[in-house]
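Please read the structure below before turning to the comments.
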Amino acid sequence: MFKKILIANRGEIACRVIKTARKMGIKTVAVYSDADRDALHVEMADEKVNIGPAPAAESYLVIDKIIAACKQTGAEAVHPGYGFLSERAAFAEALKANNIVFIGPNPKAIEAMGDKIESKKFANAAKVSTVPGFLGVIENPEHAVTIADEIGYPVMIKASAGGGGKGMRIAWSASEVAEGFARAKSEAASSFGDDRVFVEKFIVNPRHIEIQVLGDKHGNVVYLGERECSIQRRNQKVIEEAPSPLLDEATRRKMGEQAVALAKAVGYDSAGTVEFVAGQDRSFFFLEMNTRLQVEHPVTELITGVDLVEQMIRVAAGEKLALTQADVKLNGWAVESRIYAEDPTRNFLPSTGRLVKYRPPAETTEHGVTVRNDTGVYEGGEISIYYDPMIAKLVTHAHDRPTAIEAQARALDQFYVDGIRHNIPFLSALMDHPRWKEGKLSTGFIAEEFPEGFIAGKAEGETAHRIAAVAAHVDHVMNVRKRMITGQMRAPKAVEFLRERTVEFGRQQIDVAIEDGDGALVVRFGEGHAHRVTSDWRPSQPVWTGLIDGKPAAAQVRAILNGFRIDHGGVSVEARVYTRREAALARLMPEKKAADTSKTLLCPMPGLVKAIMVVEGQEAKAGEPLCIVEAMKMENVLRAERDVTVTKLRCKPGDSLAVDAVIMEFA
């Protein structure tokens, strides 16, 4: 077994690999760019080596720098994580030439399956069901349009290298193909150093289901069940689960056996994933093979009990697989949410900055429920513009799907992040979505269920009463604390406060009465309706946890003037807690109006201006592109929302802009 390995990656996956290596008694080496000098993976590793400037093309993607770091530290093997160099056959070859072991598949398997174009040709030759498409390299937009016309719309334009939703566009018309081709090529070149793209038929209302395979260097390959990854936005996965609510045992076996046959045909010898696009009728087509560890591997680990990173290391060291297909048993259900630094209310645009607060839920296994949090950040750290905006992967496991979803919802309510925008409210709303709970999924789920984008839910009905109960409890605890301050303790009589309160959400007011009740606080709403609240919450704690009517509940609590901002179940409200007299006066206060921004184009996220497509004085029709802003290697085309005349440009290509910076002004 290896004594020391180097992780050629960063963030949560580097931390994940370090944890398993530490468990196996293997020392680790972290590499880092200038932007990651203080990163968590650098802190966790036994040794660290700086490999250059912040841009990945000058650090994490430079093979010679990784090899030099191995030689400098004496690392015997390299785990590539995912992304970056993980699917580069040239990287595996270079390591081999320098007598360094690659903890991943052999270069021939990477070449055969890591390239999306070549993998489809190989799958066709192996008689694997594939999606109709053009497998050659496409040189220009006109060629792409011709191919799309022949295949029939809609089509998917995809980068041949890489993944993660980058270099990928869906086109429903010839004009969208031409523009999508340009954007996909540009993103592919920026992210992977390879601008080749191809076109294939886009299956309408599809599901994204993938099979985890594991092979060794002795010809053994097994599959470890499937993962459903249909909840996506911008072709990037948001929620994954294992197993899939769509598949029956017969379909699972058929997909698994096909995945194993494909892996054996290329001599696959590590952890890998065969991805399929599936119809609602359980028909399926080969999509691609990812010759690396997947982001969503934790859900497979939790339902099988197999540590995939450990198996990759053991296989790379020449060991035989310790399990056969008969040994693989699926146990319970696991759900994973990807927590991103992004603003779901602005079409999921990236957010960068400092993590002023970062308090994830505790990792536990209690009462048959496991909560796991894979992360690469820490409180006070920075979310950089240079890399993927993932903060963490929150995973829950239970004996069945409803319980795993319920545990995930509760864990999300306990996840406290401040300083940057994040998608936790959106994830919380998804956990309570009826269609998600029913398992009626497709890759178009988010676009179909949130056609106007994500708008945080309103506090209504039982949710409103639960939030009001939490607000009343927090206010009560604060009042008790105020009563105990030094000056009042000397008073002959304890200060009393009114127990009849009004909780206000915007213009909605809920009258409550607070009573002590046998170790709990009873919050009455009138007409006999009440919640019995039990919690040991104390002031300064950012997360309220407790029981409401005997059921576990959690909420994020932030103090504001006269109340608290409370986030619970995908709903975020400013809950003002008043006496009845204060509430009556509050009703008389005028509402503040938002500033008019209709005559300006604001930058929706921190990013780099790649192109300005208009000039001052130009008229632009609704829907026409105005500029392109790049953030975290994703190019975002900003379009006119109505017919406008550009009166002033406030920036130029190459400028770095903050969120809400003015890009241009209109008449």
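Residues checked against (1) touching a helix residue (DSSP H, G or I) at 6+ places or on another chain (Cβ under 8 Å); (2) more than 20 Å from Ile339 (Cβ to Cβ); (3) buried (at least 17 other Cβ atoms within 10 Å of the Cβ):
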| position | (1), (2), (3) |
| --- | --- |
| Lys23 | yes, yes, no |
| Asp36 | yes, no, yes |
| Ala45 | yes, yes, yes |
| Asn50 | yes, yes, no |
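Please work out which residue is nearest to the chain's Cα centre (by Cα), limiting yourself to region 641-667 and to residues that are acidic (Asp, Glu) and either surrounded by fewer than 13 Cβ atoms within 10 Å (Cβ to Cβ) or in a loop (DSSP other than H, G, I, E, B) (or both).
Here the answer is Asp660.
Leu657 fails exactly one of the following numbered conditions: (1) at pLDDT 95 or above; (2) within 17 Å of Pro350 (Cα to Cα). What is the number of that condition?
Here Leu657 meets the rest and fails (1).
Anything in region 66-91 that is charged (D, E, K, R) and closer than 19 Å to Asp194 by Cβ? List them, or say none.
Of everything in region 66-91, those that are charged (D, E, K, R) and closer than 19 Å to Asp194 by Cβ turn out to be Glu87, Arg88.
Among the residues of region 508-545, how many are touching a residue at least 40 places away in the same chain (Cβ under 8 Å) and either of a type outside the set (S, T, N, Q) or buried (at least 19 other Cβ atoms within 10 Å of the Cβ) (or both)?
Residues that pass the stated criteria total 17.
Has region 149-172 got at least one residue that is modelled with pLDDT under 95, aromatic (Phe, Trp, Tyr), buried (at least 21 other Cβ atoms within 10 Å of the Cβ) and not in a strand (DSSP E or B)? Explain how you work it out, then say what you get.
So in region 149-172, the residues modelled with pLDDT under 95 come out as 149-172.
Now drop any that are not aromatic (Phe, Trp, Tyr), which leaves 153, 172.
Okay, now just the ones that are also buried (at least 21 other Cβ atoms within 10 Å of the Cβ), so none.
No, because not a single residue in region 149-172 is modelled with pLDDT under 95, aromatic (Phe, Trp, Tyr), buried (at least 21 other Cβ atoms within 10 Å of the Cβ) and not in a strand (DSSP E or B).
Return the pair list, or none, for Cβ contacts closer than 8 Å from residues in region 654-667 that are at negative phi to residues that are basic (Lys, Arg) and assigned to a strand (DSSP E or B), at least 6 apart or on different chains.
Listed by first residue and then by second, the contacts come to Met664/Lys648; Glu665/Lys648.
Provide a single number: the residues in region 248-259 that are touching a strand residue (DSSP E or B) at 6+ places or on another chain (Cβ under 6 Å) and either hydrophobic (A, V, I, L, M, F, W, C) or without any contact (Cβ under 8 Å) to a residue 12 or more places away in the chain (or both).
The qualifying residues number 2.
Which one is surrounded by the most Cβ atoms within 10 Å (Cβ to Cβ) among residues in region 320-342 that are of a type in the set (Val, Ile, Thr) and part of a strand (DSSP E or B)?
Result: Val335.
Only one of Gly219, Gly215 is on the phi > 0 side of the Ramachandran plot and assigned by TED's automatic domain parsing to the domain that holds Asp281; which?
When all the criteria are applied, what remains is Gly219.
Which of the numbered conditions does Gly380 fail, given that it passes all the others? Conditions: (1) more than 21 Å from His297 (Cβ to Cβ); (2) touching an Asp or Glu at 6+ places or on another chain (Cβ under 7 Å); (3) among the small types (Gly, Ala, Ser).
Only one criterion in (1) more than 21 Å from His297 (Cβ to Cβ); (2) touching an Asp or Glu at 6+ places or on another chain (Cβ under 7 Å); (3) among the small types (Gly, Ala, Ser) is unmet by Gly380, namely (2).
Would you check if Ser351 is modelled with pLDDT of 95 or more, of a type in the set (S, T, N, Q) and under 16 Å from the mean Cα position of the chain (by Cα)?
no
Can you name the residue in region 624-640 that is part of a loop (DSSP other than H, G, I, E, B) and modelled with pLDDT under 90 and is also nearest to Pro389 (Cα to Cα) among such residues?
My answer is Met632.
Restricting attention to helices (runs of 4 or more DSSP H) lying wholly within region 241-319, give those where 1 or more residues are basic (Lys, Arg).
Per the criteria, 249-265, 308-316.
Looking at (1) surrounded by fewer than 17 Cβ atoms within 10 Å (Cβ to Cβ); (2) of a type outside the set (A, V, I, L, M); (3) out of contact with any Lys or Arg (no Cβ under 7 Å at 6 or more places or on another chain), find the lone condition where Phe84 falls short.
(1)
Scan region 394-437 residue by residue and report those that are among the acidic types (Asp, Glu) and either surrounded by fewer than 22 Cβ atoms within 10 Å (Cβ to Cβ) or assigned to a strand (DSSP E or B) (or both).
Asp400, Glu406, Asp418, Asp432
Working carefully through the options Val315, Val335, Val309, Val299, find the one that is more than 30 Å from Ile117 (Cα to Cα), touching a residue at least 12 places away in the same chain (Cβ under 8 Å) and of a type in the set (Val, Ile, Thr). Give the derivation first.
Numbers: Val315 fails: more than 30 Å from Ile117 (Cα to Cα); Val309 fails: more than 30 Å from Ile117 (Cα to Cα); Val299 fails: more than 30 Å from Ile117 (Cα to Cα).
Testing whether each residue is more than 30 Å from Ile117 (Cα to Cα), touching a residue at least 12 places away in the same chain (Cβ under 8 Å) and of a type in the set (Val, Ile, Thr) leaves just Val335.
Could you grab me the full set of residues in region 379-428 that are of a type in the set (A, V, I, L, M, F, W, C), out of contact with any helix residue (DSSP H, G or I) (no Cβ under 9 Å at 6 or more places or on another chain) and within 24 Å of Lys458 (Cα to Cα)?
Ala407, Ala411, Ile420
Please return the ranges of strands (runs of 3 or more DSSP E) entirely within region 546-606 where 1 or more residues are among the small types (Gly, Ala, Ser) and surrounded by 15 or more Cβ atoms within 10 Å (Cβ to Cβ).
551-560, 563-568, 571-579
How do the pairs read when you match residues in region 344-361 that are of a type in the set (Ser, Thr, Tyr) with residues anywhere that are assigned to a loop (DSSP other than H, G, I, E, B), using Cβ under 6 Å and keeping only pairs 6 or more apart or on different chains?
Thr345/Phe454; Ser351/Ala341; Ser351/Ile420; Ser351/Arg421; Thr352/Ile385; Thr352/Pro606; Tyr358/Glu379
How many residues are closer than 9 Å to Arg421 by Cβ and not in a strand (DSSP E or B) if we restrict to region 343-369?
Residues flagged as closer than 9 Å to Arg421 by Cβ and not in a strand (DSSP E or B) within region 343-369 amount to 4.
The values are calculated or read from the model by the stated rules, or taken from the named source; none is laboratory data. All figures in this text were calculated on a predicted structure; none of them were measured in a lab. Every residue, glycine as well, gets a Cβ built from its backbone with ideal geometry; the counts of neighbours run over all protein chains shown.
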